1. With axes computed from alpha carbons, what is the tilt in degrees of helix A:183-203 against the longest principal axis of chain A, rounded to the nearest 10 within 0 to 90?
2. What net charge is computed for the residues neighbouring A:Val194, neighbours being all others with C-beta under 14 Å from the C-beta of A:Val194, Lys and Arg scored +1, Asp and Glu -1?
3. With everything on Cα atoms, drop me the angle between helix A:111-120 and the longest principal axis of chain A, reported from 0 to 90° to the nearest 10.
4. Placing unit charges on C-beta atoms (Lys and Arg positive, Asp and Glu negative, everything else neutral), compute the dipole magnitude of the stretch A:78-163 about its Cα centre in debye, rounded to 20.
5. Excluding A:Cys106 itself, what net charge comes from residues whose Cβ is under 11 Å from its Cβ, given Lys and Arg +1 and Asp and Glu -1?
6. What is the extension gain from A:Ala240 to A:Arg82, computed as 0.36 nm multiplied by their sequence separation minus the C-alpha to C-alpha distance, in nm to one decimal?
7. Can you put A:Arg86, A:Arg235 in order, fewest other beta carbons within 10 Å first?
8. Would you calculate a helix-derived [θ] at 222 nm for chain A, using -39,500 (n - 2.57) for each DSSP H run of n ≥ 4 and dividing by the full residue count, to the nearest 500?
Amino acid sequence: MPEGHTLHRLAGQLRPLVGGKVAASSPQGRFAEGARHIDGRRLETVEAIGKHLLFDFEDVVLHVHLGLAGSMFASDPAGEPRPGVRLRLVDEPQTVAWNLAAPTRCELWSHEERAALFNRLGPDPLRGDDPQPAFDRISRSDRSIGDLLLDQAVVAGIGNVFRAEVLYCCGVHPNRPGRSLTTAELSCLWETTVNLMRRGVREGRISTVEPSPGDGPEPLDAPAARYVYKQEACRRCGGAVTSWALGPRVAYACETCQPR
DNA sequence: GCTGCATGATGAA
DNA sequence: TCATCCTGCAGCA
């Protein structure tokens, strides 16, 4: 399930297709017309911004958003596609098929629409963006920092897991108003987000707990370790992790380690 | 087998 | 604030 790291990882995995022609089809049928339009075209670039994936095909841009349930996975191009696959992309030498399933968005865009997306989104921790615009917005806001971090116009790519974990790592309570955060806290939030999301790109999942020295690398088949997201007890102080509805999503915090 | 929730986001009310 | 969309899966009967 995707936060920003998933899309940036996918963009990296799809990069070998860039420069070549791509065969596009829609086994499920719901993107048949769009697939026909890009079928046989040369892929110029693939990139991720926030939770969005953008494929540049000369005159047209393919915009993909996975939403909550979407996924994109590679398979053998000789194999039969799963019937639910909205879009299937195969490279010209037919070495790999990429399958898009259950996206909330899969559509063709103009370059203007793509530019509008870039204007709308806040800085992306995985693109090396300058965080200052996000800091400015947070510092001027009465909204809670938990609410602000999920607003893609403030920071692009953070989802509910990273929100909970990053706030915990910096000792910031999700309910604190944006304007109450110190410069040091803002810097901590940004740096922690960059580090944790980069780790997410490397590992293909959201593991946030720092492995203890001498433990060696955590096995990738172990359950992802989290500090507070869906946890019962705080790993640091042993106190209860509380959870509550913060707007439309559930927030998690240790009230001791993240004072209000 | 069924229900409802989930690492997301939008549009209506 | 609510309903809605997309799917997989945990939890339940």
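1. 40 degrees
2. -2
3. Result, in degrees: 0.
4. 260 debye
5. +2
6. Residue separation times 0.36 nm, minus the Cα-Cα distance, leaves 52.5 nm.
7. Ascending number of Cβ neighbours within 10 Å: A:Arg235, A:Arg86.
8. -8500 deg cm²/dmol
Every number here is computed from the coordinates shown, using simple stated rules; none is lab data. Quick caveat: nothing in here was measured; it's all calculated off a predicted structure. Cβ sites come from the backbone with ideal geometry, for glycine too, and all protein chains shown count toward neighbours.
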